[in-house]
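Below: one structure, written as structure tokens.
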Amino acid sequence: MSTPRVYVIHENPEWFPPLAAAFEAEGVPVEEILLTEGQIDLGADPAPGVYWSRMSASSHTRGHEHSKEYTRAVLGWLERAGRQVVGGSHVLELEVSKVAQHGLLRDAGFDVPRTTAVFGTTTIEQAAHDFTGGQDVPFITKHNQGGKGLGVRRFDSLAEFDAYVDSPEFEAPVDGITLLQEYLTAREPFITRVEFVGGEFVYAVRVDTSAGSFELCPADACEVPQVIAGAVCDVPGADAPAGVPAAFSVRTEVTAEHPLVQQLRTFLADQRITIAGVEFMETTDGRTVVYDINTNTNYNPAVEESAPASGPRSIARYLGGLLETQYAAQLTA
């Protein structure tokens, strides 16, 4: 029988090196399961170990249109066999559905953006008219299966939206579900992302949005050219020009004792989510709006240099602890 280890289920090798380095530094044996293709023997038992799924909602943008379905199959196989899975089937379904995230956050008492889910495109223009009450007020669109700012655009008039829907520029969501959402104005030009590992607070990240960006992925692998006007991208991991605030920095005043952090900690525990980054915005009208749960969180290297703890190493220690608890005798044999 193979030596127990942590198995990391994912589909993007570019995101793995910082995690691999963290596992090595913590002395935790790790192996990738890259779900871009392959096979499983449904009559065999999975190898002993702890399995961590970090399948991304944006996998289809990298040519891995079926990785979500592959992951569903593998997680079901692992769970039926009784293996410990971090980020299991219920977490995957939350990762790939902003509708599900919105509903759970709302039911838990968080302030969430007013949102309508539109299925297909036949009624989308009428849905926008109903959403705004027929008024030319700002609103945004999103893809239900998102990540990387997919489908996020701002519209200031219904005519502008109608023209976009009828144009070749229209960006169809992979699952056919488009979200219409109220446009929120931040009190200051940033949002906050709170990182949790093992269900515990690690740190909070201040994400600068002064360039008008919706692309908030913090990893170096997400780096894309910056465009200011009308675009939905940023420059994660890159050094900011002189006089421009860094895109990502530690927000030191948000600690484990912050009331919202405590509320989020309870929420994640109730949902059996142990590794996640949760984003919120403080608005000009005094609201604190929670709007996104990312269960395959990435970490920005500049933030990691100044943070009180390391995200990747916290994950390695957490998963290594689970492995040790289950397989202590085999690991020390």
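Listed values, structure above:
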read-out: Accessible surface ranking that places the most exposed of 54, 317, 62 first, with a 1.4 angstrom probe; value: 317, 62, 54
read-out: Two-site FRET efficiency, residue 284 against residue 89, from Cβ-Cβ distance with R₀ of 45 Å, rounded to 0.05; value: 0.70
read-out: Selected from 143, 64, 258 as most flexible by GNM, with the chain as the system and alpha-carbon contacts under 10 Å; value: 258
read-out: Virtual paramagnetic centre 7 Å along Cα→Cβ of residue 137, amide N under 20 Å, in segment 85-119; value: 111-118
read-out: Average accessible surface area per residue within the chain, 1.4 Å rolling probe, Å²; value: 46
read-out: Antiparallel content of DSSP bridges confined to the chain, in %, to 5; value: 70
read-out: Of all accessible heavy-atom area on the chain, the percent that carbon and sulfur account for (1.4 Å); value: 51
read-out: Student exercise, the chain dipole from Lys, Arg, Asp, Glu Cβ charges, in Debye to nearest 20; value: 780
read-out: Cα-based shape type of segment 265-313, given that a ≥ b ≥ c are square roots of the gyration tensor eigenvalues and the cut on a/c is 1.5; value: oblate
read-out: Separation of alpha-carbon centers, segment 27-61 and segment 63-135, rounded to whole Å; value: 21
read-out: Nearest-0.05 FRET efficiency for residue 2 and residue 171, computed from C-beta distance (R0 56 Å); value: 0.80
read-out: Global form of segment 82-133, assessed from the alpha-carbon gyration tensor, a/c cut-off 1.5; value: oblate
read-out: Global form of segment 172-214, assessed from the alpha-carbon gyration tensor, a/c cut-off 1.5; value: oblate
read-out: Given (1) 328; (2) 302; (3) 146, the label whose value is volume of the Cα convex hull per residue in Å³ derived from this model; value: (3)
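The values are calculated or read from the model by the stated rules, or taken from the named source; none is laboratory data. Since we're looking at a predicted model, the values are computed, not measured. Here Cβ is always computed from backbone atoms with ideal geometry, including for glycine, and neighbour counts include all displayed protein chains. When the accessible area is computed, the model is the full protein with side chains, heavy atoms only, and any ligands, DNA or RNA have been set aside. Shrake-Rupley method; radii C 1.70, N 1.55, O 1.52, S 1.80 Å.
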